Each structure stands twice: as structure tokens, then as C-alpha cells.
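Values in this text are rule-based calculations from the coordinates and carry no lab data. The model shown is predicted, which means the values in this text are computed figures rather than measured ones. Cβ placement follows ideal geometry from the backbone for every residue including glycine, while neighbour counts extend to all protein chains displayed.
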Amino acid sequence: MSARYGGIDPDVLWCACGADRDAFQALSRIFLASAPPLLERLLRALEQGRAHEAGAASHALKGMTQLVGAAALSAALQRCERAAADGAALPAAAPLTAQFALVMDEVAHSLVHYAGAAP
């Protein structure tokens with residue numbers, strides 16, 4: 001992971017895009033627009049104790065966070081998805097919200113400043 005980034009590894013998306021700057025930027029923008037509503041859906045489900053919905057939202061958001069290289073957030077979402085499937089206690093929303101905010105900030109930063117994977 002780049003020293004500038006603690007929540008994402010932009011090289012993951014860069015490689016998935018075949019080092020295509022336009023594709024990298026387009027997918028970053030899609031993430032920035034699409035991920036917040038999924039987080040809101042997840043947070044509502046957690047708040048209301050709706051495990052099935054929390055699991056579905058976690059799964060959908062996890063796929064998006066994996067694409068932008070947000071390994072820690074993806075792992076937290078995987079744990080939430082697993083807890084929902086197992087009928088275990090659902091996680092607290094605050095840590096997910098904090099991790100998500102960091103990921104959003106870093107994806108926005110990478111959209112402007114990331115210059116591609118180092119050789």
C-alpha cells in the first residue's frame with residue numbers, strides 16, 4: 001500500500017483497470033456516488049437489528065470496497081456479513097462509519113492525485 005494511503009490501496013483498482021487512467025477515474029467516481037447509499041442501508045439495518053438486510057448490504061458494499069483496495073473495511077464488512085448469516089451479534093456502526101469515511105476521503109484524493117502504480 002502506498003505511504004499516502006492508509007484505508008485504500010489504489011494500485012488494486014489501477015491494476016483492475018489495466019492501468020487505464022480514464023477507467024480508474026470512472027470507477028472511482030462510481031464508487032464515490034454509489035457507496036454512500038449502500039452504507040446508509042447497512043447502518044439502518046444495523047440500527048434496526050435486521051440481520052438479513054445487514055448481511056445483504058454488507059455483501060454489496062464489500063464488493064465495492066474490495067475493488068478500491070480497502071482491505072480493512074472489506075474485512076470488517078465480511079465479518080458483518082458472516083455475523084448476519086450466523087445469527088450472531090451484529091457489529092456496532094461507529095467503527096464501520098469511521099473506516100468508511102477514511103476510504104471515501106482517500107478514494108476522492110486518489111481520483112485527483114494518484115498517478116499509477118510505481119514501476
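Miscellaneous remarks
- Per-residue Cβ neighbour rank within 10 angstrom, fewest leading, 97, 65: 97, 65
- The ranking of 74, 34 by Cβ neighbour count inside 10 Å, starting from the fewest, reads 34, 74.
- Proximal charge balance of residue 27 [Cβ under 15 Å; K/R count +1, D/E count -1]: -3
- Counting neighbouring beta carbons within 10 Å and listing from fewest to most, the residues 13, 67 come out as 67, 13.
- GNM remark for the chain: springs join alpha carbons under 10 Å apart, and the peak mean-square fluctuation among 63, 18, 55 falls on 18.
- Mean separation of Cα pairs under 8 Å and 6 or more residues apart, divided by the residue count, gives the chain a relative contact order of 36 percent.
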